[in-house]
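Asks: Mind having a look at this structure? Questions to follow.
The values are calculated or read from the model by the stated rules, or taken from the named source; none is laboratory data. Since this is a predicted model, take the numbers as computed values, not measurements. Heads up, the Cβs are rebuilt from the backbone with ideal geometry, glycines too, and the neighbour counts pull from every protein chain shown.
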Amino acid sequence: MRIVRDSSELDTAIPSAQREAERAFGRKAGTRVPPRTPWSEQRSAIAAGLRNGAPGGTWPTRYMINRATWHVLDHAWEIEDKSSWPGRAGRP
């Protein structure tokens, strides 16, 4: 995982990290998505797996959705905390 140095890098860093997190959560739900799969196809495959109960998952659907939601919120709070540091360039 790379460290984001300033807010201009967030546009590229967040989607990349989110895509990898979704792939990891998809595996736990029983859906394997190859690396570099376009994001729309990846999300469709994971959503279909959750709807149809993909075999081989180690997490139940309800738990996977709960865990993925918490993960997104945790990152949002982390970004919010880092963006409000006093003395950062371009910040109050």
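Asks: Do any residues in the range 28-56 that are aromatic (F, W, Y) have Cβ atoms under 8 Å from those of residues that are part of a helix (DSSP H, G or I) and surrounded by 12 or more Cβ atoms within 10 Å (Cβ to Cβ), where the two are at least six apart or on different chains, and which pairs are they?
Replies: Here the result reads W39/R19, each pair linking the range 28-56 to a residue that is part of a helix (DSSP H, G or I) and surrounded by 12 or more Cβ atoms within 10 Å (Cβ to Cβ).
Asks: Among the residues of the range 53-86 satisfying the criterion of being of a type in the set (V, I, T) and surrounded by 11 or more Cβ atoms within 10 Å (Cβ to Cβ), which is farthest from the chain's Cα centre (by Cα)?
Replies: Checked the range 53-86; the qualifying residue farthest from the chain's Cα centre (by Cα) is T61.
Asks: Tell me whether the range 57-77 contains one or more residues that are on the phi < 0 side of the Ramachandran plot, modelled with pLDDT under 70 and either of a type outside the set (S, T, N, Q) or part of a loop (DSSP other than H, G, I, E, B) (or both).
Replies: No, the range 57-77 contains no residue that is on the phi < 0 side of the Ramachandran plot, modelled with pLDDT under 70 and either of a type outside the set (S, T, N, Q) or part of a loop (DSSP other than H, G, I, E, B) (or both).
Asks: Still on this structure, please answer the following. Return the residue satisfying two criteria in turn: it lies in the range 11-36 and is among the β-branched types (V, I, T) and either closer than 19 Å to H75 by Cβ or at pLDDT below 85 (or both), and of such residues it is surrounded by the most Cβ atoms within 10 Å (Cβ to Cβ).
Replies: Per the criteria, the residue is I14.
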